[in-house]
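Enquirer: Have a look at the structure that comes next, please.
Read the figures in this text as sums done on the coordinates, not as results from a lab. Being a predicted model, the structure only gives us computed values, none of them experimental. Backbone-built Cβ (ideal geometry, glycine too); neighbour counts: all protein chains shown.
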Amino acid sequence: MRHRKDHRKLSRTHSHRRALLRNLVTSDLSARRHVARFVHGDHNVRKLFDTVAPWYETRNGGYTRILKLGRRLGDAGEMALLELVKSPELKEKLRKEEEAAIKAAKAAGKLAPARGKGAKEAAAEGEGAAGGSTGTAVEEKRGRAKEKRKAAPAKPERPGKGVAPPKTGKAPTRARQRGKSGE
């Protein structure tokens, strides 16, 4: 019996159909376009296909995990956390890569440049800290931040902010506020 086996030929010959399916499978451009309809941002689509997709090449299913968090206080809506499942091997590999990157940064004696600093200033600071510990640069930065807070003048208070209105003996009413006192 041929039940539910109709419409598999795609109106093409065997060789044409086979070439079409081969092209659809090997080219992920159509898949990228399909995903880009739902995922906002080209960067996110690139990360999904280049980084996340290889994690799940050998996995047959069960790519996500849903953890129920309970109900929200305001409107009692149910909340859940949706996360991508990673294998223990992948977790270990990612942890080792992160540790290697940190170790390489420490071996070079340079910390990542902080916000507002140029690369030259960060490199000069890294060279100066290479002889000693790298933590001193962080401690000096914290000390400078405290000094700035102490040295900064106090902000002048805005008039009317936190100050009680002058007492006139009469309670303000909406009519008086609009200029229609009726007196």
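Enquirer: Residue by residue through segment 42-75, note down the ones that are over 20 Å from the mean Cα position of the chain (by Cα) and of a type in the set (Val, Ile, Thr).
Expert: Answer for segment 42-75, where residues must be over 20 Å from the mean Cα position of the chain (by Cα) and of a type in the set (Val, Ile, Thr): just Thr58.
Enquirer: Just to verify a result, which residue in segment 59-98, among those that are among the charged types (D, E, K, R) and part of a loop (DSSP other than H, G, I, E, B), is nearest to Leu48 (Cα to Cα)?
Expert: Checked segment 59-98; the qualifying residue nearest to Leu48 (Cα to Cα) is Lys86.
Enquirer: Among the residues of segment 29-40, write down those that are part of a loop (DSSP other than H, G, I, E, B) and exposed (fewer than 11 other Cβ atoms within 10 Å of the Cβ).
Expert: Arg37, Phe38, His40
Enquirer: Could you list all residues from segment 47-92 that are among the hydroxyl-bearing types (Ser, Thr, Tyr) and over 20 Å from Val35 (Cα atoms)?
Expert: Thr58, Ser87
Enquirer: Does segment 8-28 contain any residue that is surrounded by 10 or more Cβ atoms within 10 Å (Cβ to Cβ) and either in a strand (DSSP E or B) or under 26 Å from the mean Cα position of the chain (by Cα) (or both)?
Expert: Checked against the condition, which is being surrounded by 10 or more Cβ atoms within 10 Å (Cβ to Cβ) and either in a strand (DSSP E or B) or under 26 Å from the mean Cα position of the chain (by Cα) (or both), segment 8-28 yields at least one hit.
Enquirer: Condition first: surrounded by fewer than 10 Cβ atoms within 10 Å (Cβ to Cβ), part of a helix (DSSP H, G or I) and hydroxyl-bearing (Ser, Thr, Tyr). Now tell me which residues in segment 41-58 satisfy that.
Expert: Within segment 41-58, Thr51 is the sole residue that qualifies.
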